Amino acid sequence: MKKFDQIIKGLNKTEGRDRVCKTLQYGARFLSWYFEKYSQLDKATQFNNLFMAIREARKIFRLAKSLNEIQFILEIIKENSENLNQITRILKTFARIWYSLFWLFDNLSILAKLQIINSNQKVLNKIAMTFWTIGILTNLFEILRDLIGNFSSLKKYSKSAEYKEMHRRINANCLNLIRNFCDLIPAGTGSEFFQKIFASHPNHGVVGIAGFLAGAISTYQTF
């Protein structure tokens, strides 16, 4: 019953609902690719429609989300320097700046698609994806740095409460690494990052499964 209450509490949060929808969105994208590959075009179309419907709905619910990032930036600036060293502070701040710009252009792209503003929706979406990619790369650098630091600190502790806490942090680092690497695939595809670097990009199946895993991990972390 306690676990059920936690799930309901998580679903009642906008962030929790968005992460569940993200898992469904990319799961539908993978299934659309799968059925298209095996020439089941009716099912492929159904799941592609589901993917696009959830994608647009998520965009609408993310309107003005840049304000959340601004709040995070202010909290990082105010945080005690003893709890957050200067390099970590800079990395976290820049990551939130990139994400705030991602949300801004993501918001503008859906407004352009709804013809509320007169702009090129595809261009705005590509800019949004570019900032998302930069934000993820910044996150990955910060997480790797934190993971290396936690592994170094682990050697200082024996089987104590500090040792268990350090293990918990390392496990969280590993989950965040996997989640960000998975998120990098749809972000890098949408921004054409992979196309520019490797002269090719992942297919819809790879993007779908990567987004699904990122969404599943995010949902797990939320609940």
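Here are the numbers:
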item	result
Residue within segment 107-119 that is outside any helix (DSSP H, G or I) and among the basic types (Lys, Arg) present	no
Subset tally (residues that are in contact (Cβ under 8 Å) with a residue 40 or more places away in the chain, more than 22 Å from residue 71 (Cβ to Cβ) and open to solvent by 20 Å² or more (accessible area, probe 1.4 Å)) for segment 112-139	6
Among (1) open to solvent by less than 60 Å² (accessible area, probe 1.4 Å); (2) modelled with pLDDT under 95; (3) in a helix (DSSP H, G or I) - the single one residue 102 does not satisfy	(2)
Number of the condition not met by residue 155 [criteria: (1) modelled with pLDDT under 95; (2) under 29 Å from residue 47 (Cβ atoms); (3) not polar (S, T, N, Q)]	(2)
Test: residue in segment 142-160 that is surrounded by fewer than 16 Cβ atoms within 10 Å (Cβ to Cβ), basic (Lys, Arg), in a helix (DSSP H, G or I) and free of Cβ contacts under 8 Å to residues at least 40 places away in the same chain	no
Residue in segment 66-83 that is more than 23 Å from residue 19 (Cα to Cα), surrounded by 13 or more Cβ atoms within 10 Å (Cβ to Cβ) and touching a helix residue (DSSP H, G or I) at 6+ places or on another chain (Cβ under 8 Å) present	yes
Residue in segment 22-35 that is surrounded by 12 or more Cβ atoms within 10 Å (Cβ to Cβ), without any contact (Cβ under 8 Å) to a residue 12 or more places away in the chain, of a type outside the set (D, E, K, R) and farther than 19 Å from residue 219 by Cβ present	no
Candidate set from segment 77-87 (those that are assigned to a helix (DSSP H, G or I) and modelled with pLDDT under 85); member that is nearest to residue 144 (Cα to Cα)	86
Residue among 197, 185 that alone is free of Cβ contacts under 8 Å to residues at least 12 places away in the same chain and hydrophobic (A, V, I, L, M, F, W, C)	197
Hits in segment 169-219 (condition: within 22 Å of residue 34 (Cα to Cα) and in a loop (DSSP other than H, G, I, E, B))	200, 201, 202, 203
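The values are calculated or read from the model by the stated rules, or taken from the named source; none is laboratory data. Since we're looking at a predicted model, the values are computed, not measured. FYI the Cβ positions are ideal-geometry reconstructions off the backbone, even for glycines, and counts take in every protein chain you see. What goes into the accessible areas is simple: the full protein's heavy atoms, side chains included, and nothing from ligands, DNA or RNA. Shrake-Rupley method; radii C 1.70, N 1.55, O 1.52, S 1.80 Å.
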